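Let me begin by presenting the structure, written as structure tokens, before commenting on it.
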Amino acid sequence: MLMIMLIFSSLLVFSQSGLKQTVRGRIVDAETKIPLIGATIILEGSTPLTGTTADLDGNFRFEGIPVGRHNFKVSYIGYETRIVSEILVGSAKEIVLSIELKEAFLSLNQVVIRANSDKDKPVNSMATLSARTFSVEETSRYAGGFDDPARLASAFAGVATTQTTNNAIIIRGNSPRGVLWRFEGVDIPAAFHFPNVDFAGGGGFTVLSNQMLQNSDFFTGAFPAEYGNATSGVFDIRMRTGNAEKREYTAQLCMLGADISAEGPFKRGGKSTYLFNYRYSTLGLVGAMLNFPNIPTYQDLSFKFDFPTQKAGTFSFWGLGADDKNIKTEETDSLKWENDISRNRMRYYNKFGTIGLSHRMSVGTKSFIYSTLSAEAMSYSMDKKELTLNMLLLPADYIKSTEGKYTFRTVLNHKFNQRITSRTGVTVSSLFFDNTLKKAFRENPEILTTFVENSGTSMMTQAFSQFRIELLPNLSTNLGFHSMYLDVNKKATFEPRAGMNWNFSQKDELSIGYGLHTQMEELRTYYSQTNTDGVIETPNKDLGFIKSHHLVLGYSRRISDVMRIKIEPYYQYLNNVPVRPGSSFAIINITSDWAINSKLDNSGTATNYGIDITVERFLKDGFYYLFTASVFDSKYMGGDGKEYSTRFNRGFVVNALAGKEYMLRSKNILGISAKVTYMGGLRYTPALNAESLAAQMYIPDDSQAFTGQFPSSTGVDFSITYRVNKKNHSGVWILMVKNALLQPDYSDPFYDFISNQVMIDQMKMPIPSLGYKIEF
């Protein structure tokens with residue numbers, strides 16, 4: 001079917017040739033955002049050589065750029081030359097680039113300038129190592145990306161997945177709970193549909209639309225001082241600005257969702273712009289039309305309105321929201337029961353939203369300030385009932401949880417001179433939550449017992465300051481600190497961060513980075529209750545923050561203009577880990593944390609160490625590949641003083657990804673990509689079999705915590721895209737398949753009432769998506 005569509009699309013456009021598009025944008029100083037008047041930008045490989053210069057506002061414009069892949073070389077006197085690579089130019093939409101140049105270091109009246117694409121380098125200039133940028137286009141081009149930043153990141157070194165059906169990621173052996181998601185400069189609790197169902201820190205798939213995003217950063221360790229309340233990694237996601245000159249539209253229909261997006265100026269000739277995207281579950285639409293039961297439905301909306309002014313900077317009003325629903329009915333024929341799940345009825349609802357007002361402006365010629373006022377909330381509910389053997393539908397679990405915060409954040413960038421740049425900021429957040437958990441016990445199955453019912457508020461303040469100092473033309477350092485204070489436990493942190501880069505040759509770079517990173521628990525954990533003989537207490541209000549010391553070494557060698565190798569050994573030491581005294585329980589191993597009903601202390605520790613290797617060839621002549629390998633060990637010490645492997649200690653993960661693009665008829669692009677992943681299994685705690693059978697529930701053997709390990713797995717993903725460029729629009733056919741070899745996801749042990757035994761379930765599920773996108 002796909003090949004027929006490709007051939008048919010090619011036949012439709014055989015008579016069209018010479019399709020061209022406009023490429024324009026703005027060139028500014030990376031630190032102050034001041035326009036670089038007269039900066040030159042050249043289309044590499046053009047004959048004759050094609051170029052232009054930036055005007056008084058830093059704006060440039062290319063007319064008549066042929067469709068296809070292009071690289072642009074940007075230069076300015078006193079600044080490092082930059083190559084903006086792999087830009088996909090289509091016939092339907094203008095390409096609008098936002099280019100930032102870094103001032104070169106002057107030594108002995110000479111400027112050291114290197115033309116370098118640095119495609120893998122992060123957008124954040126304060127990053128030292130363990131960081132890279134990713135483009136929105138890569139999330140759909142790379143096999144297994146599924147338009148999802150988290151799934152794309154699973155191809156990078158140091159990153160492993162949890163399950164095929166979940167986008168939670170394990171960074172260097174750390175829990176997915178330790179990953180920070182930052183959106184438009186604001187920390188958000190979730191960026192995915194059906195969050196925290198299987199793994200806290202992950203969900204089914206992304207809420208973020210690739211129609212809305214610009215190049216963003218991903219960090220795996222020792223991240224800059226501006227990122228706090230995270231111990232594992234960081235996604236720093238930014239939305240782009242809508243086209244200020246032309247109104248453009250995109251519509252997409254695929255198996256995962258039906259999208260529509262639009263952008264452009266509010267009025268022609270004006271500078272204020274809009275950009276939005278709305279998506280609804282395709283399977284939900286089909287299920288509603290055909291009256292299919294048990295189909296999850298979801299929808300999401302994202303938008304950004306920009307209002308630039310003459311002297312007061314630019315104001316932006318933006319938002320992101322999601323609405324998820326999953327209703328499962330019970331099987332009433334007991335002869336068809338395959339396991340305990342067959343007789344469950346479940347009603348699941350989740351709503352998430354964040355909205356913000358941002359302001360950014362240059363202050364003089366040396367400073368830039370960015371401020372945001374935002375509000376966010378997430379509401380989750382789950383009502384589960386169970387059909388008994390005598391066909392009575394009785395309650396099992398009921399959860400209802402609401403959490404959110406109001407935040408003000410402001411950041412000031414200041415360039416003292418060409419050698420020293422600082423970034424300083426403050427974040428103040430007002431947090432709140434309301435949590436209810438009820439559960440039915442086997443000995444009294446007709447009554448829901450209130451397990452947790454509490455609520456609370458808190459104020460959290462974060463502050464940071466960081467300096468980037470160019471010590472020599474080939475030696476730079478980042479120095480800074482981050483601080484956090486929470487008024488629930490009355491505790492504060494001081495977290496030093498430091499890093500250094502040494503380019504000891506034109507091709508080789510050595511780096512070292514250290515950082516202390518801390519993370520608070522969910523607010524409901526501090527307000528968790530215990531009931532002792534009818535006396536309700538909150539013993540965890542003084543619980544401290546998890547502390548994680550990151551030490552990373554890095555060596556990078558650029559083999560050619562488009563190929564590099566990178567090696568990063570690392571060591572992480574975590575202390576102050578909340579554990580249950582006398583038990584192997586540690587909070588870093590939990591996969592969901594709707595409620596904790598016991599006293600914890602901060603006596604736990606953990607270590608993660610390993611080595612990450614990356615060999616990458618950037619896209620050139622239509623070909624690219626990425627090979628990554630990580631070997632690691634992740635151990636922790638529980639409240640019983642014994643050392644165990646963590647749940648996420650897979651031990652190793654190897655990825656091999658490659659892709660090829662073919663230019664057909666000088667305008668259409670066929671892209672093929674495949675990825676193979678081989679990694680060790682997740683870990684689990686074996687059951688106490690006799691006790692579990694007697695109690696008719698899974699009872700773990702805490703003395704053997706996470707000694708069990710699921711089998712290693714080999715996963716295969718692939719994607720095929722075909723872009724058809726026409727004069728006034730572009731059409732893209734997309735076929736993506738994740739888990740093509742049907743590698744199973746394994747569940748933790750559970751007691752099955754049908755077979756009367758403790759079981760480990762396997763789920764073999766490929767995730768296919770066939771779709772079509774039109775841009776006009």
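The values are calculated or read from the model by the stated rules, or taken from the named source; none is laboratory data. Everything numeric here is computed off the predicted structure, so don't read it as measured data. When we count neighbours, we look across all protein chains shown, and the Cβ atoms used for this are built from the backbone with ideal geometry, even at glycine. What goes into the accessible areas is simple: the full protein's heavy atoms, side chains included, and nothing from ligands, DNA or RNA. Shrake-Rupley method; radii C 1.70, N 1.55, O 1.52, S 1.80 Å.
Considering segment 119-172, and only residues there that are assigned to a helix (DSSP H, G or I) and free of Cβ contacts under 8 Å to residues at least 40 places away in the same chain, the residue that is surrounded by the fewest Cβ atoms within 10 Å (Cβ to Cβ) turns out to be Glu138. Checking each residue in segment 358-382 for being under 24 Å from Ser302 (Cα atoms) and outside any strand (DSSP E or B) picks out no residue at all. Filtered by the rule that a residue be surrounded by 21 or more Cβ atoms within 10 Å (Cβ to Cβ) and at positive phi, segment 726-758 gives a lone residue, Asn739.
Please find, within segment 189-214, the residue that is most open to solvent (accessible area, probe 1.4 Å) out of those that are hydrophobic (A, V, I, L, M, F, W, C) and farther than 30 Å from Tyr746 by Cβ.
Quick first cut of segment 189-214, residues hydrophobic (A, V, I, L, M, F, W, C) only: 190-192, 194, 197, 199-200, 205, 207-208, 212-213.
Now restrict to residues that are farther than 30 Å from Tyr746 by Cβ: 212-213.
Values: Met212: 2, Leu213: 20 Å².
Among them, the one singled out is Leu213.
In segment 528-583, the qualifying residues are those that are farther than 20 Å from Met637 by Cβ, basic (Lys, Arg) and not in a loop (DSSP other than H, G, I, E, B), and the one that is most open to solvent (accessible area, probe 1.4 Å) is Arg557. Restricting attention to segment 251-277, the residues being open to solvent by less than 80 Å² (accessible area, probe 1.4 Å) and assigned to a strand (DSSP E or B) number 15. All told, Val411 meets the bar of being among the aliphatic types (A, V, I, L, M) and within 30 Å of Phe315 (Cα to Cα).
Considering (1) more than 30 Å from Pro189 (Cβ to Cβ); (2) open to solvent by 60 Å² or more (accessible area, probe 1.4 Å), the lone condition that Ser476 does not fulfil carries the number (2).
Being assigned to a strand (DSSP E or B), within 27 Å of the chain's Cα centre (by Cα) and farther than 30 Å from Gln252 by Cα is the filter here, so list the residues in segment 702-730 that pass it. Step through it out loud before you land on a result.
Taking segment 702-730 first, the residues assigned to a strand (DSSP E or B) are 708-709, 713-725, 730.
Cutting the leftovers down to within 27 Å of the chain's Cα centre (by Cα) gives us 709, 713-723.
Across segment 702-730, the qualifying residues are Gln709, Ser713, Thr714.
The single condition among (1) in contact with a strand residue (DSSP E or B) (Cβ under 8 Å, 6 or more places away or on another chain); (2) closer than 30 Å to Phe105 by Cα that Ser430 does not satisfy is (2).
Starting from residues that are among the aliphatic types (A, V, I, L, M) and at pLDDT 95 or above, keep the ones in segment 584-593 and report whichever is surrounded by the fewest Cβ atoms within 10 Å (Cβ to Cβ). So that I can check it myself, show each step before the final result.
Of segment 584-593, the ones among the aliphatic types (A, V, I, L, M) are 586-588, 590.
From the residues that got through so far, the ones that are at pLDDT 95 or above too are 586-588.
Details: Ala586: 27, Ile587: 21, Ile588: 25.
Per the stated criteria, the residue is Ile587.
Gly364 fulfils the conditions (1) open to solvent by less than 70 Å² (accessible area, probe 1.4 Å); (2) in contact (Cβ under 8 Å) with a residue 60 or more places away in the chain; (3) out of contact with any His (no Cβ under 9 Å at 6 or more places or on another chain) except for a single criterion, (2).
Does segment 331-340 hold any residues that are surrounded by fewer than 17 Cβ atoms within 10 Å (Cβ to Cβ) and either in contact (Cβ under 8 Å) with a residue 12 or more places away in the chain or touching a strand residue (DSSP E or B) at 6+ places or on another chain (Cβ under 8 Å) (or both), and which are they? Can you show your working first?
Pass one, segment 331-340, residues surrounded by fewer than 17 Cβ atoms within 10 Å (Cβ to Cβ): 331-336, 338-340.
Answer for segment 331-340, where residues must be surrounded by fewer than 17 Cβ atoms within 10 Å (Cβ to Cβ) and either in contact (Cβ under 8 Å) with a residue 12 or more places away in the chain or touching a strand residue (DSSP E or B) at 6+ places or on another chain (Cβ under 8 Å) (or both): Glu331, Thr332, Ser334, Glu338, Asn339, Asp340.
Tell me yes or no: at least one residue of segment 424-431 is part of a strand (DSSP E or B), open to solvent by less than 30 Å² (accessible area, probe 1.4 Å) and touching a helix residue (DSSP H, G or I) at 6+ places or on another chain (Cβ under 7 Å). Yes, segment 424-431 contains at least one residue that is part of a strand (DSSP E or B), open to solvent by less than 30 Å² (accessible area, probe 1.4 Å) and touching a helix residue (DSSP H, G or I) at 6+ places or on another chain (Cβ under 7 Å). Taking the criterion of being under 28 Å from the mean Cα position of the chain (by Cα) and either of a type in the set (Gly, Ala, Ser) or surrounded by 16 or more Cβ atoms within 10 Å (Cβ to Cβ) (or both), the residues of segment 405-420 that qualify are Lys405, Thr407, Arg409, Thr410, Val411, Leu412, Asn413.
Just give me the residues in segment 645-693 being in a helix (DSSP H, G or I), in contact with a strand residue (DSSP E or B) (Cβ under 8 Å, 6 or more places away or on another chain) and of a type outside the set (Gly, Ala, Ser), in sequence order.
Looking only at segment 645-693, we keep the residues that are in a helix (DSSP H, G or I), and these are 689-693.
Narrowing the set further to residues that are in contact with a strand residue (DSSP E or B) (Cβ under 8 Å, 6 or more places away or on another chain) leaves 689, 692-693.
Passing the criteria: Asn689, Leu693.
Filtered by the rule that a residue be within 12 Å of the chain's Cα centre (by Cα), over 27 Å from Tyr380 (Cα atoms) and assigned to a loop (DSSP other than H, G, I, E, B), segment 196-222 gives a lone residue, Thr220. Any residue at all in segment 391-404 that is open to solvent by less than 30 Å² (accessible area, probe 1.4 Å), at pLDDT 95 or above and either assigned to a strand (DSSP E or B) or in contact with a helix residue (DSSP H, G or I) (Cβ under 7 Å, 6 or more places away or on another chain) (or both)? Within segment 391-404, one or more residues are open to solvent by less than 30 Å² (accessible area, probe 1.4 Å), at pLDDT 95 or above and either assigned to a strand (DSSP E or B) or in contact with a helix residue (DSSP H, G or I) (Cβ under 7 Å, 6 or more places away or on another chain) (or both).
Among residues that are open to solvent by 60 Å² or more (accessible area, probe 1.4 Å), within 22 Å of the chain's Cα centre (by Cα) and at pLDDT 95 or above, Val676 is included. Quick check on segment 502-523: of everything there that is within 20 Å of Ala222 (Cα to Cα), of a type in the set (A, V, I, L, M, F, W, C) and not in a loop (DSSP other than H, G, I, E, B), which residue is most open to solvent (accessible area, probe 1.4 Å)? Ranking the candidates gives Trp502 first.
Among the residues of segment 15-57, those that are in contact (Cβ under 8 Å) with a residue 40 or more places away in the chain, in contact with a strand residue (DSSP E or B) (Cβ under 6 Å, 6 or more places away or on another chain) and open to solvent by 80 Å² or more (accessible area, probe 1.4 Å) comprise Lys20, Arg26. When the residues of segment 709-725 are filtered to those that are among the polar types (S, T, N, Q) and under 11 Å from Met679 (Cβ atoms), the one that is least open to solvent (accessible area, probe 1.4 Å) is Ser713.
Please work out if Phe303 is open to solvent by less than 60 Å² (accessible area, probe 1.4 Å) and within 21 Å of the chain's Cα centre (by Cα).
Numbers: open to solvent by less than 60 Å² (accessible area, probe 1.4 Å): yes; within 21 Å of the chain's Cα centre (by Cα): yes.
Against the criterion (open to solvent by less than 60 Å² (accessible area, probe 1.4 Å) and within 21 Å of the chain's Cα centre (by Cα)), Phe303 qualifies.
Among the residues of segment 317-326, is there at least one that is open to solvent by 20 Å² or more (accessible area, probe 1.4 Å), outside any strand (DSSP E or B) and in contact with a Ser or Thr (Cβ under 9 Å, 6 or more places away or on another chain)? No: zero hits.
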